[in-house]
Amino acid sequence: MVPSNLGEEMSTELALPPEWEDDERMNFLFSDFKENRDVSTTDWDSKMDFWTSLILKICRSRGTVCVHLQELNKIFQRKGIMPLGLATVIQCMARCGKIQRESEFATNVDCGWVSWGVGLLLVKPLKWTFSTLLGSSVVTLKELFVVIELVKEKAAELLGVYRSSPVANHSLLSFQELRTLSSHVCVDESTLCMALLQLQREKQVTVSLHGGEKIVKFSQPGQNHVSPVSDVDLGIYQLQRSEGLLEERVEALGLEAEKYKEEARVLLREGKKSQALRCLRSRKRVEKKADHLYAQLENVKGILDKIANSQTDKLVIQVYQAGVSALRLSLKDVTVERAESLVDQIQELCDTQDEVNQILAGGALNSTDADTDGLEDELRFLLENSSLDEPSTLPEVPSHPLSPVRESGSLCDDLLSALPSQPSLLCSNGTLR
């Protein structure tokens, strides 16, 4: 229920647009819409955009996904005046698909009467009339509308909370467990129901009723959609419930046994030995009961561990089967005979290549030997001729003793005497040549 002074308190909870303090502008925005939009398209659209964005903003700030006209009139009350065109805004948002009647949203989870039952299961109490179900254009004051954009956001948050929680490995959750788990995301039960219906639309959640209790099953990571609730899921759910109850009972018995122990100590200090003995007997009886329940708890945990291991084995087998199928497809056109034929062909080609290489290598070797022999003969011939034609450049070793060293002057005389005589330039008749 919205308080009557919520419109005055809204300014402290929500950052309002600057126009809210402009009386002239707000008088225009609080006025009713023209019957024909074509009269003033700009004014109509600006007013519609203002209220549409403000409705989304107020709902997001409050964490809700549903609104009704009476609530909006109280929220947007300004100086004792309520907006006159909010009914038109709601009708326009409904035509554009931005909001949807709660009844239509609940029944249109999917085609068919089964999903209609899911809507009935989640949305209570139901006070829908046939005009509501048929989509009447009249907007009543208390008729709830679901904001599609916000419910999608809330559904994504809810799924993320579940997958990051310690109970993410539980295939089934009770509705009350989920309500406690998502209390910081969904402000009330109605918001939680709308988020579950959106997840039901996206095939990420299935909700069913078993033994008078609403059960919720989420899709697991890697799954495109949630699988139906099976007998195995219900069996595991019962075992997990039993595990939780046994743990609570064992813990309570442990506290009770400790209480008897403390009472016995106090009575013993007071000298009441007989009463202290009775407390100890009660403590022993409680401890025995706790041990019995603890043994049952261990059995339940062992069964759950075996189930978890079997599910892991099942996944491994599925992976093996997928691998075998893929290998079979990859070896579809491969046979042993074909492989042997290919190996023989490769061997024959290798042998042929080796023979070619040997032939080419042998021819090159013979020609090289012949050339080498010719070159060696030519080199030997050149050596012999050079030894006969060229005189030795070194003087012969003298056989007689060397003459003593002469003076520099005599050495010059010897050099001059060794020079040839100057040719004569006169002819026989005494003239120059």
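The values are calculated or read from the model by the stated rules, or taken from the named source; none is laboratory data. Keep in mind that what you see is a predicted model, and the values were worked out from it rather than measured. Cβ sites come from the backbone with ideal geometry, for glycine too, and all protein chains shown count toward neighbours. The area values use the complete protein model at the heavy-atom level, side chains included, leaving out ligands, DNA and RNA. Shrake-Rupley method; radii C 1.70, N 1.55, O 1.52, S 1.80 Å.
Of the residues screened, residue 266 is one that is more than 30 Å from residue 202 (Cα to Cα), over 45 Å from the mean Cα position of the chain (by Cα), surrounded by 12 or more Cβ atoms within 10 Å (Cβ to Cβ) and β-branched (Val, Ile, Thr).
Condition check: under 29 Å from the mean Cα position of the chain (by Cα), open to solvent by 80 Å² or more (accessible area, probe 1.4 Å), at pLDDT below 90 and within 22 Å of residue 177 (Cβ to Cβ). Does residue 220 satisfy that? Criteria not met by residue 220.
Residue-wise test of (1) of a type in the set (S, T, N, Q); (2) touching a residue at least 40 places away in the same chain (Cβ under 8 Å); (3) closer than 30 Å to residue 96 by Cβ.
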residue: 152; (1), (2), (3): no, yes, yes
residue: 180; (1), (2), (3): yes, no, no
residue: 231; (1), (2), (3): no, no, no
residue: 236; (1), (2), (3): no, yes, no
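Taking region 39-61 as the range and being open to solvent by less than 20 Å² (accessible area, probe 1.4 Å) and not hydrophobic (A, V, I, L, M, F, W, C) as the test, the residues that pass are 47, 52. Of the set (1) in a helix (DSSP H, G or I); (2) open to solvent by less than 30 Å² (accessible area, probe 1.4 Å); (3) polar (S, T, N, Q), all apply to residue 64 but (1).
Condition check: within 37 Å of the chain's Cα centre (by Cα), among the acidic types (Asp, Glu), surrounded by fewer than 15 Cβ atoms within 10 Å (Cβ to Cβ) and under 29 Å from residue 211 (Cα atoms). Does residue 298 satisfy that? Answer is yes for this residue. Residues that are under 16 Å from residue 89 (Cα atoms) and surrounded by fewer than 11 Cβ atoms within 10 Å (Cβ to Cβ) within region 15-38 comprise 35, 36, listed in sequence order.
Listed conditions (1) charged (D, E, K, R); (2) crowded, with 16+ Cβ neighbours inside 10 Å; (3) at positive phi are all met by residue 249, apart from (3).
Being in contact with a Cys (Cβ under 8 Å, 6 or more places away or on another chain) and either modelled with pLDDT under 90 or β-branched (Val, Ile, Thr) (or both), is that true of even one residue in region 88-103? The answer is yes; a qualifying residue exists.
Please pick out the residue among 314, 284 that is at pLDDT 90 or above, in a helix (DSSP H, G or I) and open to solvent by 100 Å² or more (accessible area, probe 1.4 Å). Before you say what the answer is, go through the steps one by one.
On the way: 314 fails: at pLDDT 90 or above.
So the residue among 314, 284 that is at pLDDT 90 or above, in a helix (DSSP H, G or I) and open to solvent by 100 Å² or more (accessible area, probe 1.4 Å) is 284.
Residues of region 159-195 that are more than 20 Å from residue 66 (Cβ to Cβ), open to solvent by 50 Å² or more (accessible area, probe 1.4 Å) and among the hydroxyl-bearing types (Ser, Thr, Tyr): 164, 180. Within region 75-87, being at pLDDT below 90 and assigned to a helix (DSSP H, G or I) holds for one residue alone: 75.
Answer yes or no as to whether residue 70 is over 38 Å from the mean Cα position of the chain (by Cα), modelled with pLDDT under 90 and within 27 Å of residue 102 (Cβ to Cβ). Walk me through it before giving the result.
On the way: over 38 Å from the mean Cα position of the chain (by Cα): yes; modelled with pLDDT under 90: no; within 27 Å of residue 102 (Cβ to Cβ): yes.
So residue 70 fails the test.
All told, residue 208 falls short of being farther than 16 Å from residue 152 by Cα, of a type in the set (Ser, Thr, Tyr), outside any helix (DSSP H, G or I) and free of Cβ contacts under 8 Å to residues at least 12 places away in the same chain. When the residues of region 230-246 are filtered to those that are under 22 Å from residue 299 (Cα atoms) and small (Gly, Ala, Ser), which remaining residue is most open to solvent (accessible area, probe 1.4 Å)? Ranking the qualifying residues of region 230-246, first place goes to 242.
Only residues that are among the polar types (S, T, N, Q), open to solvent by 30 Å² or more (accessible area, probe 1.4 Å) and at pLDDT below 60 were counted in region 117-158, giving 3. Note on region 317-335: among residues that are open to solvent by less than 80 Å² (accessible area, probe 1.4 Å) and in a helix (DSSP H, G or I), the one that is nearest to residue 241 (Cα to Cα) is 322. Report whether or not residue 211 is surrounded by fewer than 17 Cβ atoms within 10 Å (Cβ to Cβ) and under 32 Å from the mean Cα position of the chain (by Cα). When the stated conditions are applied, residue 211 does not pass them.
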